Amino acid sequence: MSAQPSSAPNREPAAGAVRRPALPADHSDTALADSYRRLADVFHLILAEQDLSPLLERIADTLEELIPHDTLSIYEADEAQRVLHPVLVRDQWEEEIMASSTLFGEGLKKHDHHDVEGAPPWLEEAREALVREGDYLAFADDERVRVVPLQDGWTRIGRSLSAHVRFDDPTVSRRHALLYREEGGARILDDRSLNGVFKNGERVELAELEDGDEIGIGRFRLFYVSLSGVRSSKETRTAFA
């Protein structure tokens, strides 16, 4: 049974009325409305779902349908610490991304520079307390100042339990950086970290270190101190001026 066209005569719109043209089935408004319906479905799941994992998978599936993409990472924001924690990753580097968190504004894309605040007040005091020549890493950790003497060869820096200089912090990768010391000086190497290694505010893969250089590891600032012989307090202050 087929439908027949109506035989009723066409009527002109009343004065002041506007005739609205019919929208084609594939009009962008239709696609937009469908997108909103899909997002609304996800929103209702958020209100009803108790287990986070299937909800995140549903969100990821919906986003994949609406917005074509090669990779996807969903983060939970820690406002107090200003840190993003990954909760779902669809990427070839999934394991590494899930193992590390990022600071607000960093890590979602590679930044080649960040601002340097200058030497902190405690650094000169820590330096003056050193009585032996050698190379050191000085940094503040949990409101304490630590000074680590460097041995010849490799020093591992990261979140791993096997790291020589360890930071139990989500902004630091398990294998974050390597520092190599020899008689002629020292170098810092990015050990394929997620958030990068910075020397005096510039992102580096491999860089020579000089006395007083600042090394950025996650949210931590480490300072490379190199002493040649025993120096007076006046000489020390001049070196940091």
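The values are calculated or read from the model by the stated rules, or taken from the named source; none is laboratory data. Since the model is a prediction, treat every value here as computed from it, not as a measurement. Quick reminder, even Gly has a Cβ in these numbers, built from the backbone with ideal geometry, and neighbours come from all protein chains shown. To get the accessible areas, we keep the full protein, side chains included, count just its heavy atoms, and leave off ligands, DNA and RNA. Shrake-Rupley method; radii C 1.70, N 1.55, O 1.52, S 1.80 Å.
What tally of residues in the range 57-84 results from selecting those that are farther than 21 Å from Ala99 by Cα and among the acidic types (Asp, Glu)?
3
Which members of the range 117-144 meet the condition of being part of a strand (DSSP E or B), touching a helix residue (DSSP H, G or I) at 6+ places or on another chain (Cβ under 7 Å) and at pLDDT below 95? So that I can check it myself, show each step before the final result.
Within the range 117-144, the first condition is being part of a strand (DSSP E or B), and the residues that meet it are 134-141, 144.
Among the residues that remain, those that are also touching a helix residue (DSSP H, G or I) at 6+ places or on another chain (Cβ under 7 Å) are: 138, 140.
Answer for the range 117-144, where residues must be part of a strand (DSSP E or B), touching a helix residue (DSSP H, G or I) at 6+ places or on another chain (Cβ under 7 Å) and at pLDDT below 95: just Ala140.
Which one is nearest to the chain's Cα centre (by Cα) among residues in the range 115-158 that are of a type in the set (Phe, Trp, Tyr) and open to solvent by 40 Å² or more (accessible area, probe 1.4 Å)?
Narrowing the range 115-158 to residues of a type in the set (Phe, Trp, Tyr): 122, 136, 139, 154.
Still in the list and also open to solvent by 40 Å² or more (accessible area, probe 1.4 Å): 122, 154.
Numbers: Trp122: 28, Trp154: 26 Å.
In this case the residue turns out to be Trp154.
Any chance you could count how many residues in the range 174-196 are open to solvent by 10 Å² or more (accessible area, probe 1.4 Å) and part of a loop (DSSP other than H, G, I, E, B)?
Let us first name the residues in the range 174-196 that are open to solvent by 10 Å² or more (accessible area, probe 1.4 Å), namely 174-175, 178, 180-185, 187, 189-195.
Narrowing further to those that are part of a loop (DSSP other than H, G, I, E, B): 174-175, 183-184, 191-195.
Counting residues in the range 174-196 that are open to solvent by 10 Å² or more (accessible area, probe 1.4 Å) and part of a loop (DSSP other than H, G, I, E, B) gives 9.
Please determine, by comparing only the residues of the range 69-110 that are among the polar types (S, T, N, Q) and at pLDDT below 75, which one is nearest to Gly196 (Cα to Cα).
Of the range 69-110, the ones among the polar types (S, T, N, Q) are 71, 73, 81, 92, 100-102.
Subset that is at pLDDT below 75: 71, 92.
Values: Thr71: 20, Gln92: 18 Å.
Filtering first and then ranking leaves Gln92.
Kindly indicate which of Val165, Val204 is in contact with a Ser or Thr (Cβ under 9 Å, 6 or more places away or on another chain) and modelled with pLDDT of 85 or more. Walk me through it before giving the result.
On the way: Val204 fails: in contact with a Ser or Thr (Cβ under 9 Å, 6 or more places away or on another chain).
Val165 is the lone residue from the list that is in contact with a Ser or Thr (Cβ under 9 Å, 6 or more places away or on another chain) and modelled with pLDDT of 85 or more.
Looking only at residues in the range 197-212 that are in a loop (DSSP other than H, G, I, E, B) and among the acidic types (Asp, Glu), which one is farthest from Ser228 (Cα to Cα)?
Glu205
Before we move on, is Arg166 closer than 22 Å to Asp91 by Cβ, free of Cβ contacts under 8 Å to residues at least 40 places away in the same chain and surrounded by 15 or more Cβ atoms within 10 Å (Cβ to Cβ)?
Working: closer than 22 Å to Asp91 by Cβ: no; free of Cβ contacts under 8 Å to residues at least 40 places away in the same chain: yes; surrounded by 15 or more Cβ atoms within 10 Å (Cβ to Cβ): yes.
Against the criterion (closer than 22 Å to Asp91 by Cβ, free of Cβ contacts under 8 Å to residues at least 40 places away in the same chain and surrounded by 15 or more Cβ atoms within 10 Å (Cβ to Cβ)), Arg166 does not qualify.
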